[in-house]
Amino acid sequence: MNLLPPAVAELSDDELLAIYAEGAGSPWLRVNFVATLDGAASAGGLSGSLGGPDDLRVFDLLRRMADVVLVAAGTVRDEGYGPMVLHDADVAWRRAHGMSDHPVFAIVSGSLSLDADSRVFTAAPVRPVVLTSAAAASSDRGADLAAVAEVVPCSPAASPDEVDAVLVRDALVARGLGTIHCEGGPSFLGSLVAADLVDELTLTIDPSLEGGAAPRIVRGSSPELRRMRPAHVLRGAGDVLLTRSVRARG
């Protein structure tokens, strides 16, 4: 008896895209993470060593489908992000489906500790969006970044130093960026969970035990459990499991 889930290698790109698009609404906020069996979100301080080639393949396909890729500034720095440039095959698919060549790169940063001279901005094929506090947006640093990105304040009226997750989501949707693909990090995911904004979690489980002090995929607290329901499980090279769960609303 074979109880293993289907293998990613047995599915075409179009089949994978259909599987991951099933049931998605608009707007839709998908969060993508990788973790070890014992819940570590990184190994050696980075997530890039986890997951393997099939995880990377699905990761690229999820970006292909997205209007915007949303990442917290700490993850951009820690993981060494460059400009949001997709592969030629992804660009061709997006053109065929009436989408822009590349998704918008949206970065959340409360303090605006970002380098305006970084290639994230200077080599971006689409002008990035930086979502920050009202106080930071009106600062000299905000003015510097406004030369290379759209700087958007996302603070409640009574808290100009705060970045509100709901306002972040709403700012993207208002710009026609309804299919949101979020890649971290744990603290930002915590704020999304607390605000009940996560429609989908795609979690790759790497069959390893980290055994150290690595963070979980989410940091922070939520007023209640956010119930998810399983959508699918796929098997990747190296026996990784690629899971997809969607929010069980109502």
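Those helices (runs of 4 or more DSSP H) of region 1-110 in which at least 1 residues are touching a Gly at 6+ places or on another chain (Cβ under 9 Å), buried (at least 19 other Cβ atoms within 10 Å of the Cβ) and not assigned by TED's automatic domain parsing to the domain that holds R229, considering only elements entirely within it, cover 73-78. Could you run through region 18-59 and say how many residues are under 17 Å from D239 (Cα atoms), among the β-branched types (V, I, T) and touching a helix residue (DSSP H, G or I) at 6+ places or on another chain (Cβ under 9 Å)? Within region 18-59, residues that are under 17 Å from D239 (Cα atoms), among the β-branched types (V, I, T) and touching a helix residue (DSSP H, G or I) at 6+ places or on another chain (Cβ under 9 Å) number 2. Of all the listed residues (A116, A134, A143, A149), the sole one being of a type in the set (A, V, I, L, M, F, W, C) and either in the same structural domain as G190 (by TED's automatic domain parsing) or in contact with a Lys or Arg (Cβ under 7 Å, 6 or more places away or on another chain) (or both) is A149.
crowded, with 21+ Cβ neighbours inside 10 Å and over 22 Å from the mean Cα position of the chain (by Cα): is that true of A146 in this structure?
Criteria not met by A146.
Filter region 186-221 down to residues that are exposed (fewer than 15 other Cβ atoms within 10 Å of the Cβ) and over 17 Å from V34 (Cβ atoms) and give me whichever is modelled with the highest pLDDT. Across region 186-221, the extreme among qualifying residues is G220. The criterion of at least 2 residues that are closer than 24 Å to Y20 by Cβ is met by the following helices (runs of 4 or more DSSP H) wholly inside region 119-229: 165-174, 186-194.
Restricting attention to region 222-250, which residues are of a type in the set (K, R) and either surrounded by 18 or more Cβ atoms within 10 Å (Cβ to Cβ) or under 20 Å from the mean Cα position of the chain (by Cα) (or both)? Matches in region 222-250: R226, R227, R229, R244, R247. Within region 166-185, being surrounded by fewer than 22 Cβ atoms within 10 Å (Cβ to Cβ) and either under 20 Å from R227 (Cβ atoms) or basic (K, R) (or both) holds for V166, R175.
The values are calculated or read from the model by the stated rules, or taken from the named source; none is laboratory data. It should be emphasised that the depicted structure is a prediction, and the values quoted were computed from it without experimental measurement. A quick note on method: Cβ atoms are made from the backbone with ideal geometry, for glycine too, and the neighbour counts reach across all protein chains shown.
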